[in-house]
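Take a look at the structure set out below.
The values are calculated or read from the model by the stated rules, or taken from the named source; none is laboratory data. Quick caveat, the model's predicted, so the values are computed rather than measured. Every residue, glycine as well, gets a Cβ built from its backbone with ideal geometry; the counts of neighbours run over all protein chains shown. Accessible surface areas use protein heavy atoms only, side chains included; no ligands, DNA or RNA. Shrake-Rupley method; radii C 1.70, N 1.55, O 1.52, S 1.80 Å.
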Amino acid sequence: MSNLDPIALECLAAVIEEGGFEKAALRLNVTQSAVSQRLRALEAQIGSVLVVRSRPLRPTAAGQLLLKHTQQLRLLRTDLEQELHSLLPHTMRRNAHDEAISIAINADSIATWALDALQDIALQQLPLEIITDDQDHTLELLRTGEVLGCVTTMPQALRGCRVTALGAMHYIAVASPAFAQQHVPQGINRSNFKHLPFLSYNRKDDMQRVFVARAMGLKTVGLHQLYVPNSEAQVRAVAAGWGVGVVPELLARPYLADGRLVNVAETQVLRVDLYWHCWNLQSALLGALSDAMVHSAKSSLAPPRRPLAPWSRHKKNCLHPRGMQAVSGCPQAFIAPVVPSLPHQ
């Protein structure tokens, strides 16, 4: 295959990332016709359709491979620019804000510990894009090449990637004091949970169902759910009396301390192990990003547990250590008895 035109590759990436030709043209500051011509030329060179012209527009398998390749080129260019700027401080840095270095992080991590990890990179004004998705789904963005790294609950490394255990997020069930007094004065139990409204992030979010199922000793549960797609806003809604929230203890801690929230399942905590996945590339930027994520997680999350046994790495429905039964789609979460008070990290 002859050398691929980096301009055409960035055109393909813009079409995929922006979700259409018109927005891609605006981003690249060219006409929509020029975007179409560049994409057709690249498809002719590859010998395959790269983008399915549908609503919404989506990349083909070949398009996903080229998107991943383009992301890797962006990373290498950013590394080179940083090294040149360090060697030759007078060198002007290229304006590459439209060529973002993309990572995927779940909303609860963004709301609690992950932004601290990104502080130095953000202050360097590097082209960073944070994509938010459920922690059980961020790995798909890495697999398709849309991001170069992600925080996920999945411990298995993808081909060409490496994985590092970050630690565990502890989730607890909370409600406002008035709501708890009216609806669950004795806490959540088998007789009342079906009548309670639970706040969820979105329809992908099964944290509440997992928590209640484990706490009640049930295989599956159905809940009445309200959707608030923001972690901080979800906690505020719970404090306002909207219903019960299963939220990170880190996020609920100040609310519990000043009495705006109370724990309505004091004997239960849901531990969700998190992992950092990224491409297995020799990159100063990627190495610094990975080190920062691990360091920030270490200072905020519960320590990682020992690696899972081989038999538990490939099955979503299996027994975890301590005999806890996994819930499909959430392989790294399990209920454990809470200690009298969670340690302040």
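Summary table
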| read-out | value |
| --- | --- |
| Which listed residue, of Arg214, Arg236, Arg190, is of a type in the set (D, E, K, R) and at pLDDT 95 or above | Arg236 |
| All positions within the range 37-61 that are open to solvent by 30 Å² or more (accessible area, probe 1.4 Å) and in a helix (DSSP H, G or I) | Gln37, Arg38, Arg40, Ala41, Ala44, Gln45, Ile46, Ala61 |
| Number of the condition not met by Leu26 [criteria: (1) in contact with a Ser or Thr (Cβ under 8 Å, 6 or more places away or on another chain); (2) modelled with pLDDT of 85 or more] | (1) |
| Yes/no for Gly259 being exposed (fewer than 13 other Cβ atoms within 10 Å of the Cβ) and within 18 Å of Ala175 (Cβ to Cβ) | yes |
| Residue match in the range 299-321 (condition: modelled with pLDDT of 50 or more, touching a His at 6+ places or on another chain (Cβ under 7 Å) and buried (at least 18 other Cβ atoms within 10 Å of the Cβ)) | yes |
| Some residue of the range 262-281 being part of a helix (DSSP H, G or I) and either open to solvent by 10 Å² or more (accessible area, probe 1.4 Å) or over 30 Å from Asn192 (Cα atoms) (or both) | no |
| Filter result (out of contact with any Phe, Trp or Tyr (no Cβ under 9 Å at 6 or more places or on another chain) and charged (D, E, K, R)) within the range 117-146 | Asp120, Glu129, Asp133, Asp136, Glu140, Arg143, Glu146 |
| Search result, residues across the range 140-154 that are modelled with pLDDT of 90 or more and touching a Ser or Thr at 6+ places or on another chain (Cβ under 6 Å) | Cys150, Val151, Thr152 |
